[in-house]
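Everything below concerns the one structure shown next.
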């Protein structure tokens, strides 16, 4: 289990020991990505969660919702993540059937990732319910934080739009 110690600082496993984290070992494998390589594509389906253990990635979204490939060609980078805090992404795939990726993720340097497969993740949670509950709480915490941030962004955007229309 060479990469399990790297996961100790990952927020997905907050509150768990290395031994508890190790129950997810059969659900994971390590993958390398080269700089500029696509890790996830917005609109694609997903069955995996990804943990960044070395390198840097950018997360971007399409600038339009028109569905026209030419119009959707430009992406807006929303955040750059580094390996410092072992961030994870793709968590919606662990919770939903036929999950659609909500953003694109690209390696902005050479990266090492731990990939967790949905079916094996669910099996590990079922075999170890107390550990699974902690991991699910950690996922819920991240989703709640994201929802709160996006709600504030929608309010700001709505306010700005409203001010423009009033002029």
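Residue under question is residue 70, and the condition is that it be under 18 Å from residue 11 (Cα atoms) and either more than 13 Å from the chain's Cα centre (by Cα) or modelled with pLDDT under 90 (or both); does it hold? Quick ask: steps written out before the conclusion?
Numbers: under 18 Å from residue 11 (Cα atoms): no; either more than 13 Å from the chain's Cα centre (by Cα) or modelled with pLDDT under 90 (or both): yes.
The answer is no for residue 70.
Of the residues making up the stretch 44-57, just one is within 17 Å of residue 75 (Cβ to Cβ) and either under 11 Å from the mean Cα position of the chain (by Cα) or surrounded by 21 or more Cβ atoms within 10 Å (Cβ to Cβ) (or both), namely 57. Of all the residues in the stretch 1-30, those that are under 20 Å from the mean Cα position of the chain (by Cα), farther than 18 Å from residue 117 by Cα and modelled with pLDDT of 90 or more number 3.
Of note, residue 123 does not satisfy the criterion of being within 16 Å of the chain's Cα centre (by Cα) and part of a helix (DSSP H, G or I).
Against the conditions (1) touching a residue at least 40 places away in the same chain (Cβ under 8 Å); (2) surrounded by 11 or more Cβ atoms within 10 Å (Cβ to Cβ), residue 133 satisfies every one except (1). Of all residues in the stretch 93-107, those satisfying the criterion of being touching a helix residue (DSSP H, G or I) at 6+ places or on another chain (Cβ under 8 Å), surrounded by fewer than 20 Cβ atoms within 10 Å (Cβ to Cβ) and closer than 16 Å to residue 140 by Cβ are 95, 99.
Residues are listed down the side, and each one gets a yes or a no for (1) closer than 19 Å to residue 95 by Cβ; (2) at pLDDT 95 or above; (3) part of a helix (DSSP H, G or I); (4) out of contact with any helix residue (DSSP H, G or I) (no Cβ under 9 Å at 6 or more places or on another chain):
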| residue | (1), (2), (3), (4) |
| --- | --- |
| 135 | yes, yes, yes, no |
| 145 | yes, no, yes, yes |
| 156 | no, no, yes, yes |
| 163 | no, no, yes, yes |
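Every condition in (1) more than 13 Å from residue 115 (Cα to Cα); (2) modelled with pLDDT under 95 holds for residue 57 except the one numbered (2).
The values are calculated or read from the model by the stated rules, or taken from the named source; none is laboratory data. Source: prediction; values computed, not measured. Don't worry about glycine lacking a Cβ; one is built from the backbone with ideal geometry, like all the others, and counts go over all protein chains shown.
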